[in-house]
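The values are calculated or read from the model by the stated rules, or taken from the named source; none is laboratory data. Predicted model, so just to flag it, every value in this text is computed and none were measured. Cβ placement follows ideal geometry from the backbone for every residue including glycine, while neighbour counts extend to all protein chains displayed.
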Amino acid sequence: MYQITNKTIECNRKDGDKNNNTSDKNVRIIFSSIKGDEVNSLAQYLKIFSENSINLKHIESRASLNEHSGLEIFVECEPSENLNQVILSLESETSRIRILDNIDEIPSFPRCIQDLDQITKEIWSSGELEADHPGFTDEAYRKRRKYFTDVSNSYKSGQPLPRVEYTAEEIATWGSVFRKLIELYSTHACKEYNQIFPLLIEHCGFREDNIPQLEDVSNFLKRRTGFQLGPIAGLISVRDFLAALAFRIFHATQYIRHPSQPLYTPEPDICHELLGHVAFLADSNFAQFAQNIGLASLGASDEYVEKLGACFWVTFEFGLCTENVKLKAYGGGLLSSFGELQYAIEGKAEMRPFDPINAAKESLTITSYQPMYYVAENLKDVRDRMIQFSKTIPKKFGIHYNPYTQNIEVLTSKTQVQSLLENLHQQTDVLLDTLKRV
Ligand SMILES: [Fe+2]
């Protein structure tokens, strides 16, 4: 869908390109007729193109959606040096005109939550274990994993998250992990974690003898920050994982690690998701950080998605911050690993101040403890630095998440941005007025 403005020409190219219609890409223009007779007016407009020797590739007309009468005319034409003259002529003979963005230059990415379902079908069909997985030779465990894969693959957005009846053995494994980790949280986790963890106990059934249901946790998060959980069968690509964060959807595994090694897992499992990550998704600063990194990934090149993935790894998974000169963990990979949480807080590894530009160059360490940790001042510091970093990602369009429709809006014109700014201005005005009253 396109957007038409009142008597303005919008050009979605850079300002410097406005007078240079010599790109090898076709140009799409839409304008509204101010002439009464439909057949004749269309012919007159098309004559402007032919008089300027511009070849038209496609023409459409329809009754105006914005005027009581008249036509909207869409043309796609070959690029030409004469195009500026055509636009000037059209400007004087139309009520509205807009040069559309070049659709070919906007990459494909999810625009609504339902689009994420398609990704899940394409990526999450496999649930096979690697040969070095502790459960590789355990047929019963493999069968159970297949069950979790089927449950998550049949899930569609908008449905209640599937409830799972965990076995006594699975609950015992969860209990072993839970018991060990809660020994460390008061001294090793950051204050945000320790503020929210009691709420998870109170509202979501976080107990040694109970594996919380994703549905209950998701409902809690939704009330706190608007985040929701989505079930997955295993690891997915960084691009797909980050894209879901743009919609405040966090994909979480529902299966549990093999009982033979309760304090080790070679892959994310429900202990990692629930004990490592969800507390932060209930924190407004961190939720904003997570969504921002997701929005930044939409339409970004593979190179920059990789950079965002590296930043995500050193923060969301293995981030440390300082509180009263002491190191504290906020990374979910740390907070769900008894051994590495102690190792990181003891400060034996190399520590560097968090800086997204350097962090973006890091390669991921997945088979051992991290050789180095990035230390942020606090969660707000992480969020603010990542927002600045996101601005360096080359894109020819802007991205806006509409919280009312839960859709991604692609911004390609100044009018779209001005409209959003106007809405923001109104909201700011109300808040400034409230400041005077309270
Ligand atoms: Fe994780």
- prompt: Do we have Pro212 as in contact (Cβ under 8 Å) with a residue 60 or more places away in the chain, within 21 Å of Pro160 (Cα to Cα), of a type outside the set (D, E, K, R) and in a loop (DSSP other than H, G, I, E, B) here?
  reply: yes
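Do you know which of the residues in the stretch 64-120 that are part of a helix (DSSP H, G or I) and surrounded by 18 or more Cβ atoms within 10 Å (Cβ to Cβ) is modelled with the lowest pLDDT?
So in the stretch 64-120, the residues part of a helix (DSSP H, G or I) come out as 83-93, 103-105, 113-120.
Right, trim to surrounded by 18 or more Cβ atoms within 10 Å (Cβ to Cβ) and you get 83, 86-87, 90, 113, 116, 119-120.
Details: Leu83: 82, Val86: 85, Ile87: 82, Leu90: 83, Ile113: 89, Leu116: 85, Ile119: 64, Thr120: 58.
Here the residue is Thr120.
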task: Give just the number: which of (1) buried (at least 17 other Cβ atoms within 10 Å of the Cβ); (2) at pLDDT 80 or above; (3) in a helix (DSSP H, G or I); (4) of a type outside the set (Phe, Trp, Tyr) does Ala43 not satisfy?
output: (1)
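Return the residues of the stretch 298-333 that are away from the ligand (no atom under 16 Å from the Cβ), under 12 Å from the mean Cα position of the chain (by Cα) and either at pLDDT 95 or above or aliphatic (A, V, I, L, M) (or both); say none if nothing qualifies.
First, pick out the residues of the stretch 298-333 that are away from the ligand (no atom under 16 Å from the Cβ): 298-307, 321-328.
Within this subset, residues satisfying the condition of being under 12 Å from the mean Cα position of the chain (by Cα) are 298-300, 305.
Passing the criteria: Leu298, Ala300, Val305.
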message: If a residue must be under 30 Å from Asn407 (Cα atoms) and modelled with pLDDT of 95 or more, how many such residues does the stretch 256-278 contain?
response: 8
- prompt: Only one residue in Pro268, Pro259 is away from the ligand (no atom under 12 Å from the Cβ), assigned by TED's automatic domain parsing to the domain that holds Leu334 and either touching a residue at least 40 places away in the same chain (Cβ under 8 Å) or not β-branched (Val, Ile, Thr) (or both), so which one is that?
  reply: Pro259
- line: Given (1) of a type outside the set (A, V, I, L, M, F, W, C); (2) outside any loop (DSSP other than H, G, I, E, B); (3) assigned by TED's automatic domain parsing to the domain that holds Val278, His400 misses just (3)
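Could you list, in sequence order, all residues of the stretch 247-256 that are aromatic (Phe, Trp, Tyr) and within 11 Å of the ligand (Cβ to nearest atom)? Can you show your working first?
Residues of the stretch 247-256 that are aromatic (Phe, Trp, Tyr), as a first pass: 247, 250, 255.
Scanning the stretch 247-256 gives a single hit, Phe250.
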message: Quick check on the stretch 206-240: of everything there that is closer than 30 Å to Ser108 by Cβ and of a type in the set (S, T, N, Q), which residue is surrounded by the fewest Cβ atoms within 10 Å (Cβ to Cβ)?
response: Ser237
